[in-house]
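Engineer: To start, I am sharing the structure in question, which I have written as structure tokens.
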Amino acid sequence: MPSIQKMLFFISSALVTAVSVGLLGYGMSANWATTTIECARSGSGHFNGSAKITMTLFNGTVLRTFCPFGGSDRFDVFPALTTKGGTPIALHGLVLCLLGLCLLFSACTILISLYNSVSNPYETYMGPVGIYTCSSLSACFSFAVLIIFFVNVTVTNMAQDVVMSFAGVVDLGDKSSNMLQGYYFVIPYTVLALFDIALIFLYDHAAYTHRREQQRPTEDAPKEIMMY
């Protein structure tokens, strides 16, 4: 049976990861971004209208004002982006894949932590090494999600493609984008993944120090005593 200290550390690791998964799951269901684009009738050159897109990872709404008419429409992200194809849909698909991998590696972290809390496995991928690996990948992938989604919303023509799919042929001007709560919920997930690594590192370091202290009397003993 593992020691009480080991049980507490690894159960805490599992709880921290479970909380991070809950935060990420909630974030994936919330709104991620809103973008407002100037709009004008084709060829008029006078941007007196606008379109506001609010989107989650899977669907969203478009609120049009004089673009070229008013209206509110709901859309599914992938069908709306498929009409134009290209970089926006590829990056959005990559975001979803990375989030799926984050959840997968978080699940692995929880399983390894619970396994270590009730047993004493060897120092392999089923020990601290496994948690370091899974939590590191979760942190890296979630950080990549933050960058890729931000670039997709602010740099590519994703918002324009969505508007054009409803408004038809119009002239689109400047756009401004804001990230919403779903996007920001990825940040605490990343932080908790790093905290999980630090938590297990503290245990691993303490266990290593304890083993060294137990070995030291034998190492420091005179050779004559060790011969007996």
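Engineer: Which ones in the stretch 70-128 are over 28 Å from Ala193 (Cβ atoms) and touching a Lys or Arg at 6+ places or on another chain (Cβ under 8 Å)?
Structural biologist: Gly70, Gly71, Ser72, Asp73
Engineer: Mind listing just one residue for me: the one in the stretch 166-199 that is among the β-branched types (Val, Ile, Thr) and at pLDDT 90 or above and, of those, farthest from the chain's Cα centre (by Cα)? Outline the logic, then answer.
Structural biologist: To start, the set of residues in the stretch 166-199 that are among the β-branched types (Val, Ile, Thr) comprises 169-170, 186-187, 190-191, 197.
Narrowing further to those that are at pLDDT 90 or above: 186-187, 190-191, 197.
On the way: Val186: 5, Ile187: 7, Thr190: 7, Val191: 10, Ile197: 16 Å.
Here the answer is Ile197.
Engineer: To continue, here is another question. Check Val163, Val153 and return the single one that is at pLDDT below 90, β-branched (Val, Ile, Thr), assigned to a helix (DSSP H, G or I) and within 18 Å of Lys52 (Cβ to Cβ). I'd like the intermediate steps shown before the answer.
Structural biologist: Numbers: Val153 fails: at pLDDT below 90.
Only one candidate qualifies: Val163.
Residue by residue, here is whether (1) without any contact (Cβ under 8 Å) to a residue 60 or more places away in the chain; (2) buried (at least 17 other Cβ atoms within 10 Å of the Cβ) holds:
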position: Gly130; (1), (2): yes, yes
position: Ala139; (1), (2): yes, yes
position: Val155; (1), (2): yes, no
position: Phe166; (1), (2): no, yes
position: Met179; (1), (2): no, yes
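Engineer: Right, here's the next one. Pairs please, first residue from the stretch 1-24 and over 11 Å from Ile200 (Cβ atoms), second anywhere and of a type in the set (Asp, Glu), Cβ atoms under 8 Å, 6+ apart in sequence or on different chains.
Structural biologist: Final answer for the pair search is Ser20/Asp196.
Engineer: What's the number of the condition Phe143 fails, among (1) modelled with pLDDT under 95; (2) crowded, with 16+ Cβ neighbours inside 10 Å; (3) of a type in the set (Phe, Trp, Tyr)?
Structural biologist: That leaves (1) as the condition not met.
Engineer: Do we have Ser42 as small (Gly, Ala, Ser), in contact (Cβ under 8 Å) with a residue 60 or more places away in the chain and either within 30 Å of Val118 (Cβ to Cβ) or surrounded by fewer than 17 Cβ atoms within 10 Å (Cβ to Cβ) (or both) here? If you could, list the steps in order and put the result at the bottom.
Structural biologist: Numbers: small (Gly, Ala, Ser): yes; in contact (Cβ under 8 Å) with a residue 60 or more places away in the chain: yes; either within 30 Å of Val118 (Cβ to Cβ) or surrounded by fewer than 17 Cβ atoms within 10 Å (Cβ to Cβ) (or both): yes.
Taking the combined requirement at face value, the residue satisfies it.
Engineer: Residues of the stretch 129-152 being closer than 16 Å to Leu199 by Cβ and touching a helix residue (DSSP H, G or I) at 6+ places or on another chain (Cβ under 7 Å), which ones? If you could, list the steps in order and put the result at the bottom.
Structural biologist: To start, the set of residues in the stretch 129-152 that are closer than 16 Å to Leu199 by Cβ comprises 129-136, 138-139.
Answer for the stretch 129-152, where residues must be closer than 16 Å to Leu199 by Cβ and touching a helix residue (DSSP H, G or I) at 6+ places or on another chain (Cβ under 7 Å): Gly130, Ile131, Tyr132, Cys134, Ser135, Ser136, Ser138, Ala139.
Engineer: Sticking with this structure for a sec: Condition check: among the β-branched types (Val, Ile, Thr) and over 32 Å from the mean Cα position of the chain (by Cα). Does Thr65 satisfy that? Full working, then the answer.
Structural biologist: Details: among the β-branched types (Val, Ile, Thr): yes; over 32 Å from the mean Cα position of the chain (by Cα): yes.
Judged against the criteria, Thr65 is a match.
Engineer: Could you check, for the stretch 94-111, whether at least one of its residues is of a type in the set (Gly, Ala, Ser) and over 16 Å from Leu24 (Cα atoms)? Steps first, please.
Structural biologist: Let us first name the residues in the stretch 94-111 that are of a type in the set (Gly, Ala, Ser), namely 100, 106-107.
The next check asks that each one be over 16 Å from Leu24 (Cα atoms); those that pass are none.
There is no residue in the stretch 94-111 that is of a type in the set (Gly, Ala, Ser) and over 16 Å from Leu24 (Cα atoms).
Engineer: Which of the strands (runs of 3 or more DSSP E) found entirely inside the stretch 1-77 contain at least 1 residues meeting this: touching a His at 6+ places or on another chain (Cβ under 8 Å)?
Structural biologist: Values: elements: 33-41, 49-55, 59-65, 71-76.
Of the strands (runs of 3 or more DSSP E) lying wholly inside the stretch 1-77, those with at least 1 residues that are touching a His at 6+ places or on another chain (Cβ under 8 Å) span 33-41.
Engineer: Only one of Asn120, Asn116 is touching a residue at least 60 places away in the same chain (Cβ under 8 Å), assigned to a loop (DSSP other than H, G, I, E, B), more than 23 Å from Gln181 (Cα to Cα) and polar (S, T, N, Q). Can you tell me which?
Structural biologist: On the way: Asn116 fails: assigned to a loop (DSSP other than H, G, I, E, B).
Going through Asn120, Asn116 in turn, the sole match is Asn120.
The values are calculated or read from the model by the stated rules, or taken from the named source; none is laboratory data. This is a predicted model, so every value here is computed, not measured. Note that each Cβ is placed from the backbone with ideal geometry, even for glycine, and that neighbours are counted across all protein chains shown.
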